[in-house]
Amino acid sequence: MTEVCGIVLAAGEGRRLRPLTEAVPKALCPVGNLPLLDHALRRLTGLGLIGPEQVAVNAAYLADQVVRHATGRTHLSVEPDGPLGTSGGVARLRKWIDGRGVLVGNADAYLADPLREPGKDIAALLAGWSGDTVRLLTKPCRPGETGGFSGNRFAGFSLIPWRYVAVLKDQQADLVGTVWRPAEAEGALELIGYEGHYLDTGTPALYLEANLHAAGTGLADPSAEVTGVAVESVIGAGARVAGSVTRCVVWPGATVAAGETLTDVIRAPGGLTVPVG
């Protein structure tokens, strides 16, 4: 089998998630009390891709936070002039990739398969791969949804042969235009269905939905102090909930005061509250 390395794309600004991402990069926003970046890295670990020789992370927006979080665990690629897009980010890592195939994951992808552990849930992407085709992890398009690939939508991970990586340009561009569509045109695109739950967490509504899916009936960090009521919510490390929260995400270190009643919101430190609706 062709040797494969992994890249997690974590350079994005997360504009649709503002104001949550004004102080925290999208890749470090927590889902189920685990930063999105760590969800992706755990999935690569489940495939046996571990450490700076096998796993890379790119960073641009609030790059110092991503670098600090991932140092020692991954090879780091900083884009100092701003995000280069999914294609430019991979191209900048060409020397590190060095002839290998590359499994590329978006940090903002939330995946959960109740029947398979992270890594094993996307192992079909690698199974029997020739090293010549581009593979996309996909889910069926939703009713009324246009675009996609033969009635399917991208689900967060793609597998790219070295022959495509070798000609990518170190400039702003996205993989859909430089790799996926060209591969589709030449009959070299394979679609691999994902059997679990997938969400792009790019908006507050989808971000909350991913957290609520991860929470189940409720999830609270052991260091959180909950003296009020928390229903179907995620309560982060060191958070304090004296009021009432229903279907909410309370970030690490955030506070919900006595007398406050929150529903379908994200509460961040400093009293920042992002409603979803």
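May I ask you to say which residue of 59, 10 is closer than 19 Å to residue 158 by Cβ and buried (at least 20 other Cβ atoms within 10 Å of the Cβ)?
Step by step, each of 59, 10 is checked, and only 10 is closer than 19 Å to residue 158 by Cβ and buried (at least 20 other Cβ atoms within 10 Å of the Cβ).
If you check 148, 131, 105, which single one turns out to be without any contact (Cβ under 8 Å) to a residue 24 or more places away in the chain and small (Gly, Ala, Ser)?
148 is the lone residue from the list that is without any contact (Cβ under 8 Å) to a residue 24 or more places away in the chain and small (Gly, Ala, Ser).
From 71, 86, grab the single residue that is open to solvent by 10 Å² or more (accessible area, probe 1.4 Å) and either within 17 Å of the chain's Cα centre (by Cα) or closer than 24 Å to residue 127 by Cα (or both).
86
Taking only region 121-145 into account, find how many residues are among the hydroxyl-bearing types (Ser, Thr, Tyr) and crowded, with 19+ Cβ neighbours inside 10 Å.
Number of matching residues: 1.
Hey, could you check region 233-274 for residues that are surrounded by fewer than 16 Cβ atoms within 10 Å (Cβ to Cβ) and in contact with a Leu (Cβ under 9 Å, 6 or more places away or on another chain) and say which is farthest from residue 210 (Cα to Cα)?
Looking at the filtered set, the residue picked out is 272.
Please go through region 89-101 and pick out each residue that is surrounded by fewer than 17 Cβ atoms within 10 Å (Cβ to Cβ) and among the hydrophobic types (A, V, I, L, M, F, W, C).
Listed by number, the list holds a single entry, 96.
Exactly one of (1) touching a Phe, Trp or Tyr at 6+ places or on another chain (Cβ under 7 Å); (2) buried (at least 19 other Cβ atoms within 10 Å of the Cβ); (3) in a loop (DSSP other than H, G, I, E, B) is unmet by residue 118. Its number?
(1)
Which is open to solvent by less than 40 Å² (accessible area, probe 1.4 Å) and within 28 Å of residue 3 (Cα to Cα), of 41, 76, 28, 47?
Result: 41 is the single residue among 41, 76, 28, 47 that is open to solvent by less than 40 Å² (accessible area, probe 1.4 Å) and within 28 Å of residue 3 (Cα to Cα).
Scan region 167-177 and tell me whether some residue there is buried (at least 19 other Cβ atoms within 10 Å of the Cβ) and under 20 Å from the mean Cα position of the chain (by Cα).
Yes, region 167-177 contains a residue that is buried (at least 19 other Cβ atoms within 10 Å of the Cβ) and under 20 Å from the mean Cα position of the chain (by Cα).
How many residues does region 178-194 contain that are open to solvent by less than 30 Å² (accessible area, probe 1.4 Å) and over 19 Å from residue 105 (Cβ atoms)?
1
Do any residues in region 1-19 that are in contact (Cβ under 8 Å) with a residue 60 or more places away in the chain and within 14 Å of residue 274 (Cα to Cα) have Cβ atoms under 9 Å from those of residues that are of a type outside the set (Lys, Arg) and open to solvent by less than 20 Å² (accessible area, probe 1.4 Å), where the two are at least six apart or on different chains, and which pairs are they?
16/202; 17/29; 17/201; 17/202; 17/207; 17/274; 19/268; 19/274
Within region 63-73, count every residue that is in contact with a Leu (Cβ under 8 Å, 6 or more places away or on another chain), of a type outside the set (D, E, K, R) and either assigned to a loop (DSSP other than H, G, I, E, B) or within 18 Å of residue 6 (Cα to Cα) (or both).
4
Within the group 14, 89, 85, 32, which residue is among the small types (Gly, Ala, Ser) and closer than 21 Å to residue 196 by Cα?
After applying the criteria, what remains is 32.
For region 17-61, give me each residue that is part of a helix (DSSP H, G or I) and hydrophobic (A, V, I, L, M, F, W, C).
Result: 17, 20, 27, 28, 36, 37, 40, 41, 44.
Just the residues that are touching a Leu at 6+ places or on another chain (Cβ under 6 Å) and closer than 15 Å to residue 44 by Cβ, please, taken from region 91-106.
Answer for region 91-106, where residues must be touching a Leu at 6+ places or on another chain (Cβ under 6 Å) and closer than 15 Å to residue 44 by Cβ: 103, 106.
It is to be established whether one or more residues within region 102-115 are closer than 24 Å to residue 170 by Cβ, touching a Lys or Arg at 6+ places or on another chain (Cβ under 6 Å) and either surrounded by 17 or more Cβ atoms within 10 Å (Cβ to Cβ) or β-branched (Val, Ile, Thr) (or both).
The answer is yes; a qualifying residue exists.
The values are calculated or read from the model by the stated rules, or taken from the named source; none is laboratory data. None of these values were measured; they are calculated from a predicted model. No Cβ is skipped: glycine too gets one built from the backbone with ideal geometry, and neighbour counts run over all protein chains shown. All accessible areas refer to the heavy atoms of the entire protein, side chains included, with ligands and DNA or RNA removed. Shrake-Rupley method; radii C 1.70, N 1.55, O 1.52, S 1.80 Å.
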